[in-house]
Amino acid sequence: MHQPDLRIAVILGGNLNGRTGTVVSGWFLDRAASHQDVVLDVLDVAELDLRDGHGTALDAFSPRIDAADGFVVVTPEYNHGYPGPLKSAIDSARKEWFAKPVAFVSYGGMSGGLRAVEQLRAVFAELHATSVRTSVSLHNAQRMFGAEGGPVAELRGAEDAVEEMLDQLVWWALSLREARARRPFPG
């Protein structure tokens, strides 16, 4: 029996300043779009009205999180952490995250956003989400892409990491979707 495609919410955690976030997000989405049996729902944190907690885009965020079978968070690292608007968006939902997997694509300077990912793993653990071990980290991302947005050098290692991460995310998403259907998560 064929199961319906997995719905994966891709949460773009950067901001509208500069071009790196847009380029990295586009690069990842191009690769993720070809993954079989997956439907992507792109949620851009920069488009959410987080000022009063009652923006129409923010009101639509929780139902889209609830509808997702898994998540990929694409995040920069700012000052050894992840952006505040991303935290506000994550905190706007609660049970919608429970018993679902989350994977990470990070970018930044020398650390490639790994410190942001380590902090996010703790946040998602508190939300009863399972983080996928394999992540994608783009070190010195500003230098990796040219003015037109394409990579300036071959990113074979990063592309391989995308495939491995998505394969693991799909495995977890399918397994946890089946588990939630058999027995609701106690929380």
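The values are calculated or read from the model by the stated rules, or taken from the named source; none is laboratory data. Being a predicted model, the structure only gives us computed values, none of them experimental. Neighbour counts run over all protein chains shown; Cβ positions are idealised from the backbone, glycine included. With ligands, DNA and RNA removed, areas are computed over all heavy atoms of the protein, side chains included. Shrake-Rupley method; radii C 1.70, N 1.55, O 1.52, S 1.80 Å.
Before moving on, here are some points about what is shown:
- GNM result for the chain, Cα springs below 10 Å: residue of Val24, Val38, Val117 fluctuating most strongly: Val38
- The portion of the accessible surface of the range 56-187 made up by carbon and sulfur, rounded to a whole percent, is 53 (1.4 Å probe; DNA, RNA and ligands excluded).
- Using the Cβ-Cβ distance between Gln142 and Asp167 with R0 set to 41 Å, the FRET efficiency from 1/(1 + (r/R0)^6) comes to roughly 0.90.
- Proximity of backbone amide H atoms, modeled 1.01 Å from N, is registered between Val39 and Leu6, Arg7, Ile8 at under 5 Å, excluding neighbours fewer than 5 places apart on the same chain.
- Extension gain, Asp5 to Ala122, is 39.3 nm, computed as 0.36 nm per intervening residue step minus the present C-alpha separation.
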